[in-house]
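Remarks on the structure that follows.
The values are calculated or read from the model by the stated rules, or taken from the named source; none is laboratory data. These numbers were taken from a predicted model, which means no experiment stands behind them. All Cβ positions, glycine included, derive from the backbone under ideal geometry; neighbour counts span all protein chains shown.
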Amino acid sequence: MSLKNTEEIVDGIYFMLKMDEKGAYIVPANSDGIVLESFDIEDDATDSTSKILKYIKGIKEDSFFIDWEKDYPEAYITEHCELIDYLIDNPRFVNEKMEPFSWCKRNNTLALIIKEQEEGSNILTTQLLLNDSISEFTIINEDLILANNTFYIIDMVSNTFHTLRELVCTMDTNGLENFLTLTLKYFKDIEIEYKDYKIVQGEKHTPRPQLVIEKISYDNSLYLQVTLMVSGMSYEFLRDNGIEHAVIVNNMEKKISICEIDISRINEAMEEVIKLLAKNQKKIKMRAGFYIDDSNLIIMQEKLAKEFIMTDLLQLASKYRVVGTDKLRKYNIRTVKPKVIGNFSHSIDFLEGEIELDLEGEKFSIMDVLSTYRKDSYIMLSDGTSALINKKYIEKLERIFKDSEKEKVKLSFFDLPLVEELIEDKIFSEEMNKSRAFFKGINNIKDYDIEIPKVKATLREYQEYGYKWLSYLMDNNLGGCLADDMGLGKTLQAIALLTRLHSKKKKKSLVVMPKSLIYNWDGEIKKFSPGLKVGIYYGNFRNKDIIKKNEVILTTYGTVRNDIELIKDYYFDCVILDESQNIKNVNAQTTKAIMLLNCTHRIALSGTPIENNLSELYSLFRFLNPSMFGTLDEFNTFYAVPIQRENDQEAIEELRKKVYPFILRRIKKDVLKDLPEKIEKTMYIEMNPEQKKLYEERRMYYYNMVHSQIKENGIGKTQFFILQALNELRQITSCPESKNHGVTSSKREVLINNIVEAVENGHKVLVFTNYINSINNICEDLEKNGIKYLSMSGSTKDRQLLVDKFQKDSKYKVFVMTLKTGGVGLNLTAADTIFIYDPWWNKTVENQAIDRAYRLGQDRTVFSYKLILKDTIEEKILQLQESKIKLLDNLISEDNATLKTLTEKDIEFILGE
C-alpha cells in the first residue's frame with residue numbers, strides 16, 4: 001500500500017507492538033490493524049507520527065547494510081531505544097487488538113525472589129516480581145516492562161553484558177554466591193529476597209591467598225598456582241568479572257553480606273613465593289629452576305621443589321591456605337590421617353589424660369605434634385617420610401585439646417561430641433563413658449523419667465518436653481537456653497521447673513528480666529504456681545529483706561547491674577534470665593554483673609538467642625556454662641573469625657554440634673498443629689518515670705476538675721469534661737509524645753522488641769492502635785530497625801492495594817493501622833501475630849480486629865498480644881472488659897461520641913488511683 005498525502009498518512013497511522021523470537025518491535029498499521037508494508041513521507045515533516053515513520057523507514061532501507069547476515073529489518077526496541085521517547089503516552093501506540101497502552105513511569109521496582117525448588121532441596125529457582133505483586137510480565141528491554149497492557153519504566157543502571165531475562169533461572173545452592181555477586185554488579189537496583197535471610201552491609205574483606213599444588217608431572221616438575229577464594233568464589237571468577245563487592249551467604253546467622261573485597265594480596269603472595277624460590281635457587285646454586293605463567297609457577301627442578309616445600313611452602317600455611325598436599329607423595333612427602341589414642345579420667349570441668357597421636361603406626365605426644373607442626377608444618381617419620389597433616393585437622397586438635405600439668409592433656413566435657421570422629425573406641429574409659437552418657441541422654445528427653453510438677457495448667461506435649469529438657473540439664477548441673485518462638489509458653493515451662501526445684505525446702509531462685517516483664521512474671525507465677533513465695537526486688541524503694549524472705553525473687557537487669565555488690569553475696573539455687581539477649585554484649589556492665597551471680601543452676605529464655613553476631617552466643621554461654629568456650633580470644637580465633645570472615649563450613653558445623661545439646665529451639669509451625677487457633681495474652685508494662693509523672697499530673701488535674709464540675713453543674717452537664725479526660729489519659733498511655741515531646745511511652749520499646757523477635761522468627765505482624773500519632777511512632781521505630789512495613793489510617797486511599805501487598809509480598813513484615821480502619825472487612829491471613837497497642841472500651845471491636853487474621857484461609861495458630869500500661873486508665877478498661885460489662889455498656893455509646901448514664905462511683909473507679 002502506498003499513501004501519497006502526508007496528512008492522510010499521519011491521521012490514519014497507528015504504531016503496533018508485535019513480538020517474535022528476537023523480541024518486541026514496532027510496525028505502522030492503519031486504523032483496521034492492517035500492517036503497512038510501504039509508505040511515503042515528506043522529509044520536512046516534524047510531527048511525532050511522521051518522525052516515527054521516518055525512523056522506521058530508515059531502519060528498513062538501511063537494514064541490508066546494517067545487518068546483512070540476518071533477515072531482521074524490523075524496528076526492534078532493544079536495538080532502537082530512541083523509539084520509546086516518541087511512543088511514551090502516545091495514543092497511537094497500540095497492541096495487536098488496537099488497544100492503546102497505559103504508562104507507569106515512576107516508582108517502579110523489581111525484586112528477585114530466590115526459593116528452594118522443594119523444601120530442603122539444594123536446587124534454587126528465581127522469580128522476578130514487579131512492584132511487589134506482579135509476577136506475569138514481559139521484559140521489553142532493561143528499563144521497560146510490559147504487564148497487563150501497561151508499560152512500566154524501571155529506573156535501572158543499564159549494562160551491556162547481562163539481561164534481566166538471565167536472572168530467571170535454576171541453580172544449585174553452591175552457585176548462589178556467584179549468582180548474587182553478579183546480580184549485584186550488573187543490577188544494582190534490584191531488591192533480593194532469599195528465605196528469611198537479612199541483607200546487610202558487611203565489613204571490607206581481604207581474603208587469604210591460596211597456594212594450590214596442582215600436580216607433579218612425569219619429569220617431577222612441580223606445578224604451583226597462587227590464587228584465592230572469597231567464601232565459595234574463586235579468584236578467577238572475581239578477577240574475570242571485575243568484582244569489587246562480593247555477596248557472602250552466612251547460613252548459620254541467616255545473613256547475606258555485601259562486602260567490598262580487596263584481591264590485591266594475591267600479587268603480594270605471588271611476589272613472596274617468587275622471592276622464596278629465588279632464595280632457595282641461590283642456596284642450592286641453581287639457575288633457571290622455575291618460570292612464571294600468569295598466576296602459575298612451574299618449578300622444573302625436583303631438588304629446588306623439595307627444598308622449597310620442606311623449608312618454606314608449608315611454613316606459609318600460617319598466612320596462606322595450602323591446598324593439594326596429597327600430591328606430594330612423589331617427593332616422599334605424604335599426607336596422613338592421625339588416630340588419637342590414650343585414656344581420660346575426670347578432673348573437675350575437664351577430662352584429663354595421656355593422649356598420643358598414631359601417625360602411620362608411630363606414636364607421638366599430641367602436644368609435641370602440635371608444637372612441631374606450628375614450627376615446621378610437617379612431622380618427620382622414622383623412614384624419612386615427611387608426614388603432612390590436614391591443617392583443618394590440626395586446628396581442630398588445637399581447639400579441643402589443651403595443655404595440662406604433669407604432661408597430661410585436658411579435654412573439655414563440652415567437646416566430647418566433636419572428638420567422636422577423631423578417636424579410637426578404646427580411648428573411652430569407664431569414667432569417660434559416664435560423660436558420653438549425658439550426650440546420649442539429651443537425644444532421649446521424651447523418655448526421661450521425671451514427674452510433671454503440680455502447676456495450675458495442663459502442659460502441652462512440647463511444653464512437657466521443654467520442662468524435661470530443662471530438668472535434665474539441671475540434674476546434670478549444666479545450663480541451657482530455652483529458645484522457643486514467642487508465644488509457646490517459655491515462662492510456663494520455666495515456672496514448672498521452679499515448682500519442681502522448690503518442692504524441696506530452703507531453696508532460693510532469682511529471675512532476671514527487662515523491667516517491662518516484672519508484673520507479667522509475678523502474675524504468671526501466682527496464676528500457675530501460687531504455692532511459690534514470690535517477691536519483687538525492683539524500684540526506688542527496694543528492700544534487701546525481699547531477697548531474704550522469698551523463695552523466688554523477680555528483678556531486672558538494671559537492678560542487678562546497680563546492686564551487684566549486694567546481690568552477689570547471696571547464693572541462689574537457680575538463676576533464670578528472661579530475654580537473655582540483654583547480656584549479648586560481653587563487655588557491657590550489665591553482662592559483667594550477671595556473670596558475678598553466685599548460683600548452681602543457670603537457665604536462659606530467649607526467642608532470639610543470637611541477634612547480630614557470634615559474640616552474643618559466646619556471652620550467653622559464658623553465663624550458662626562458663627568453661628564451654630574458654631576466653632573470648634579463643635572463641636574468636638576458633639569460631640567467630642573463621643565463620644564471619646571466611647564462612648568456614650567446618651567451623652560452622654563444629655559450633656553447631658557443640659551448642660546443640662544446650663539450646664532448645666521450637667517454632668510455632670512445628671508444634672502448634674494440635675492447638676486452638678487463637679491464643680490471647682495480656683502484657684503488663686510499667687510506665688517509665690517521665691511518662692508516669694505526666695500521666696499522674698493530668699489524672700489529678702482531671703480528677704479534681706471533673707469532681708468540681710459535677711459539684712457545680714451536676715453530672716449530666718459534665719459529660720464533655722469526662723470525655724476530654726478519658727481521651728487525653730488514653731493518649732498519654734499510647735502516645736505521650738503528642739502532649740510532651742520529651743516523653744516516650746514505655747510501650748514503644750516493648751512493642752518493637754517483640755516485633756523484631758517475631759519477624760526474625762518468620763512471622764508477619766499486625767499492629768492495631770487508636771491514634772495516628774502512635775502509628776507514626778511505631779513506623780519510625782520499624783524504620784530504625786530496618787523492618788519493611790505498611791501503614792493505614794482513615795485517610796488512606798486504595799486500601800485493597802496495601803492489603804494485597806501485605807498478603808502476597810514476603811518483604812512486608814508488619815502492617816500498622818487504626819482499629820477503626822482495620823477492624824472490619826479486610827482479609828489479612830498472611831499475619832499470625834497481632835498486637836493491640838492500646839485497648840478499646842468495647843472488646844468486640846478488638847475481636848473484630850483480631851479476626852482480620854483469624855478467619856477462613858488462616859492455616860496457622862493466631863497469637864494476639866494486648867499491651868496494657870499498669871496503674872493507668874488502660875488497666876481500668878481491661879477490668880471493665882473482664883468484669884463490669886454492664887458498666888461498660890453504660891459508659892459510652894456505640895459511636896464513642898457521647899457518654900451514657902454514669903455515676904460518681906463510676907467516675908471514681910475510672911479516674912481514681
Being of a type in the set (A, V, I, L, M, F, W, C), outside the structural domain of Lys527 (by TED's automatic domain parsing) and in a helix (DSSP H, G or I) is the requirement here; does Met687 meet it? no
Quickly run through the range 609-637 and pick out the residues that are at pLDDT 85 or above, among the hydrophobic types (A, V, I, L, M, F, W, C) and over 19 Å from Asn476 (Cβ atoms). Leu617, Leu632, Phe635
Scan of the range 195-228 for residues that are surrounded by fewer than 19 Cβ atoms within 10 Å (Cβ to Cβ) and under 35 Å from the mean Cα position of the chain (by Cα), ordered by number: Lys195, Asp196, Tyr197, Lys198, Ile199, Val200, Gln201, Glu203, Lys204, His205, Thr206, Arg208
Taking the condition of being surrounded by fewer than 20 Cβ atoms within 10 Å (Cβ to Cβ) and over 24 Å from Leu867 (Cα atoms), how many residues in the range 703-736 meet it? 17
For the range 578-591, enumerate the residues that are touching a residue at least 12 places away in the same chain (Cβ under 8 Å) and not acidic (Asp, Glu). Ser580, Gln581, Asn582, Ile583, Lys584, Asn585, Val586, Gln589, Thr590, Thr591
Would you check if there is a residue in the range 288-302 being farther than 30 Å from Thr183 by Cα, without any contact (Cβ under 8 Å) to a residue 60 or more places away in the chain, hydrophobic (A, V, I, L, M, F, W, C) and surrounded by fewer than 18 Cβ atoms within 10 Å (Cβ to Cβ)? yes
When the range 140-198 is examined, which residues are found to be part of a loop (DSSP other than H, G, I, E, B), more than 30 Å from Ala75 (Cα to Cα) and either modelled with pLDDT of 85 or more or small (Gly, Ala, Ser) (or both)? Lys195, Tyr197
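The rows are residues; the columns are (1) in a loop (DSSP other than H, G, I, E, B); (2) at pLDDT 85 or above; (3) among the β-branched types (Val, Ile, Thr).
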position	(1), (2), (3)
Ser63	no, no, no
Lys70	yes, no, no
Ile84	no, yes, yes
Pro91	yes, yes, no
Glu96	yes, yes, no
Glu118	yes, yes, no
Leu124	no, yes, no
Hey, among the residues in the range 449-484 that are within 26 Å of the chain's Cα centre (by Cα) and outside any helix (DSSP H, G or I), which one's nearest to His601 (Cα to Cα)? Gly479
Looking at (1) farther than 26 Å from Glu690 by Cβ; (2) out of contact with any helix residue (DSSP H, G or I) (no Cβ under 9 Å at 6 or more places or on another chain); (3) in contact (Cβ under 8 Å) with a residue 40 or more places away in the chain, which one does Asn754 not meet, given that it meets all the others? (1)
Condition set surrounded by fewer than 16 Cβ atoms within 10 Å (Cβ to Cβ) and small (Gly, Ala, Ser), scope the range 247-287, selection farthest from Thr183 (Cα to Cα): answer is Ala278
Taking first residues from the range 456-475 that are in contact (Cβ under 8 Å) with a residue 40 or more places away in the chain and second residues anywhere that are among the acidic types (Asp, Glu) and crowded, with 20+ Cβ neighbours inside 10 Å, the pairs with Cβ under 8 Å that are 6 or more apart or on different chains are Gly466/Asp484
Count of the range 786-804 residues which are among the polar types (S, T, N, Q) and loosely packed, with under 14 Cβ neighbours inside 10 Å: 2
How many of the residues in the range 526-578 are of a type in the set (Asp, Glu), farther than 24 Å from Gly607 by Cβ and not in a loop (DSSP other than H, G, I, E, B)? 4
When you look at Ile564, is it in contact (Cβ under 8 Å) with a residue 12 or more places away in the chain and crowded, with 20+ Cβ neighbours inside 10 Å, yes or no? no
